[in-house]
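Input: a single structure, listed below in structure tokens.
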Amino acid sequence: MKTYIRAASCISPQNTFEETGLLNEVVEYTGTRLKAIEPDYKAFIDPKLIRRMSHIIKMGVAAAQDCLNKSGIEMPGAIITGTAYGCLEDTISFLTRIIEMQEEMLPPTAFIQSTHNTVAAQIALMLKCHGYNNTFVHKGMSFENALIDAIMLINEGEANNILVGGTDEMTDASFTILTRLGLYKRQPISNLALFADESKGSIGGEGAAFFLLSDEFSADNLAELTGVKTFYKPKDNEAIEQQINAFLSANALKIEDIDLVITGKNGDIKNDAVYQQLSNSLFAGKILANYKHLCGEYPTSSSFALWLAANCIKNGEVPDTVVKENVQPKKILVYNHYQNIYHSLTLVTAC
């Protein structure tokens, strides 16, 4: 059974939410962290609820509601989200108050909203959706596992019109900790010059992207979600190539059939070595595109890549900021890894 992407919505450090075109006006940042451009939430969320919502909940709920509005579907059959860090802002707020108030008379709101499944639960509460509701917290492959779960539900006939999203936020505390761990650069850099600077670390990012998946063909569908695969700690590049070839073969394709490969290159010299080696072997001669200079590095950034791939296929063009070559892709392969531990492949094709 085929799975189609009916609609998609994305809140990111670029103007992707109320887009007038596909990344026509790229936003440049100079620093080591990209912050999401937030829309007017009052158009999507009751103002009385907004004041109790943290940053990630507002992003997730607004993106989900916008996705439903675009699809013309009022009630999804299931809601599935993927997040690595969950509601960091609420977690930090609660832990800080424990210390400040010496564990006495703690307000419960931050604790209640600090769990990882708060975004999916809040969407369900607002929609009054009593269907299947699940959140995957699998670090760098959280979003991909949410997609796989949705595809399985559709194939088994358990649900249709499934709302799937990937969300993660960046707080001052988490950014400081991850920078100390070497994930992000120590010196300011323009995000548009990210790949020209071969040094340690990437730039921090955040965002929320939601998709409505359906088994029904429609001329309004963005693209077909042909397949998703994850693999963990591959031994070497040869093992990665074997995984990619096996994935394409399972979908009756070869690497020659792929029009565009979107990679998770992020400006970290160690991280990008994997993609560099593949560009000289399996991906040699293929048109390669990058996206993390637009949204930054975070565990569910592949949701931004899927949003980009689906829109490239629907529009029949790829933005200049992503790739310089003129290409009208029909088959796009997204290959991403997070810290060379969590690897994922997503195949998106024209309907």
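The values are calculated or read from the model by the stated rules, or taken from the named source; none is laboratory data. The shown structure was predicted, so the numbers you read here are calculated from the model rather than taken from an experiment. Cβ placement follows ideal geometry from the backbone for every residue including glycine, while neighbour counts extend to all protein chains displayed. We work out accessible area using only protein heavy atoms, side chains counted, and drop any ligands, DNA or RNA first. Shrake-Rupley method; radii C 1.70, N 1.55, O 1.52, S 1.80 Å.
Tell me the accessible surface of residue 46 in square angstrom (1.4 angstrom probe, heavy atoms of protein chains only), to the nearest ten.
Spelled out: residue 46, probe radius 1.4 Å, area about 60 Å².
Can you check what the net charge comes to around residue 55, using other residues whose Cβ is under 13 Å from the Cβ of residue 55 (Lys, Arg +1; Asp, Glu -1)?
Computed value for this residue: -3.
Could you pull out which residues in the stretch 158-183 have an amide N less than 19 Å from a spot 7 Å beyond the Cα of residue 99, following the Cα-Cβ vector?
171-181
Would you mind calculating the relative contact order of the stretch 4-214 from Cα pairs under 8 angstrom and at least 6 residues apart, reporting the percent as a whole number?
Dividing the mean separation by the residue count of the stretch 4-214 yields 35 percent.
Nearest 5 percent is fine: what portion of the DSSP beta bridges confined to the stretch 4-214 is antiparallel?
Counting DSSP beta bridges with both partners in the stretch 4-214, the antiparallel share is about 55 percent.
Of 233/292; 292/314; 128/254, which ones are farther than 32 Å apart at the Cα?
Details: 233/292 21 Å; 292/314 21 Å; 128/254 44 Å.
Table pairs above 32 Å Cα-Cα are 128/254.
Out of all DSSP beta bridges with both ends in the stretch 203-351, state the antiparallel percent to the nearest 5.
Bridges in the stretch 203-351 are about 65 percent antiparallel.
Dividing the alpha-carbon radius of gyration of the stretch 269-308 by 2.2 N^0.38 Å (N being the number of residues), what value is obtained? Spell out each step's value before the answer.
Values: Rg = 11.5 Å, N = 40, 2.2 N^0.38 = 8.9 Å.
Against the compact-globule rule of thumb, the ratio is 1.28.
Expressed in whole Å with the largest first, what are the equivalent ellipsoid semi-axes of the chain derived from the C-alpha gyration tensor as the square root of 5 times each eigenvalue?
30, 25, 19
Hey, can you find the accessible area per residue of the chain for me, probe 1.4 Å, expressed in square angstrom?
43 Å²
Pull out a ≥ b ≥ c, the square roots of the eigenvalues of the alpha-carbon gyration tensor of the stretch 1-116, then state rounded if a/c is under 1.5, prolate if not and a/b is larger than b/c, and oblate in the remaining case.
Judged from the Cα gyration tensor, the stretch 1-116 comes out prolate (a/c at least 1.5, a/b above b/c).
If you keep only loop residues by DSSP, which GluC sites (Glu not before Pro) in the stretch 274-334 have at most 11 other Cβ atoms within 10 Å of their Cβ? Intermediate results must be reported in sequence, preceding the final value.
Working: sites: 297, 317, 325; in loops: 317, 325.
Of the GluC sites (Glu not before Pro), the ones in loops of the stretch 274-334 whose Cβ has at most 11 other Cβ atoms within 10 Å are 325.
Over the chain, with a Gaussian network built from C-alpha contacts below 10 Å, which listed residue (37, 123, 112) shows the highest mean-square fluctuation?
112
Select from the stretch 148-184 those GluC sites (Glu not before Pro) which occupy a DSSP coil region and have at most 16 other Cβ atoms within 10 Å, ordered by residue number.
Hits after loop and neighbour filter: 156, 158.
Most mobile of 105, 152, 126 per a Gaussian network model of the chain (Cα springs, under 10 Å)?
Maximum fluctuation in the GNM of the chain, among the listed residues, is at 105.
Any idea how far apart residue 126 and residue 315 come out in nm if each label point goes 7 Å out from Cα toward Cβ?
The answer from the label model is 2.5 nm.
Taking only Cα atoms and a 10 Å spring cutoff, compute GNM fluctuations for the chain and point out the largest among 330, 233, 48.
In this elastic network of the chain, the residue with the biggest mean-square fluctuation among 330, 233, 48 is 48.
If r is the Cβ-Cβ distance from residue 245 to residue 27 and R0 is 35 Å, what FRET efficiency results, to the nearest 0.05?
Step by step, r from the Cβ atoms, then E = 0.40.
Would you mind classifying the stretch 224-349 by shape? Square roots of the alpha carbon gyration tensor eigenvalues, ordered a ≥ b ≥ c; an a/c under 1.5 is rounded, otherwise it is prolate if a/b is larger than b/c and oblate if not.
rounded
As I understand it, the dipole of the stretch 131-230 uses +1 on the Cβ of Lys and Arg and -1 on the Cβ of Asp and Glu, about the Cα centre. Which of 174, 208, 135 lies farthest toward its positive end?
174
What does the net charge come to around residue 256 if you take all other residues with beta carbon closer than 14 Å to its beta carbon, with K and R at +1 and D and E at -1?
It works out to a net charge of +2.
How large a share of the accessible area of the chain, in percent, is made up of carbon and sulfur atoms when the probe is 1.4 Å and the other protein chains stay in place?
Values: 7590 of 15270 Å².
Carbon and sulfur atoms account for 50 percent of the accessible area of the chain.
Given the DSSP H assignment, sum -39500 (n - 2.57) over each helix run of at least 4 residues in the chain and divide by its residue total; what's the result at 222 nm in deg cm²/dmol, nearest 500? Show your work: numbers first, answer last.
Values: 11 runs with 114 residues, N = 351.
For the chain, the value works out to -9500 deg cm²/dmol.
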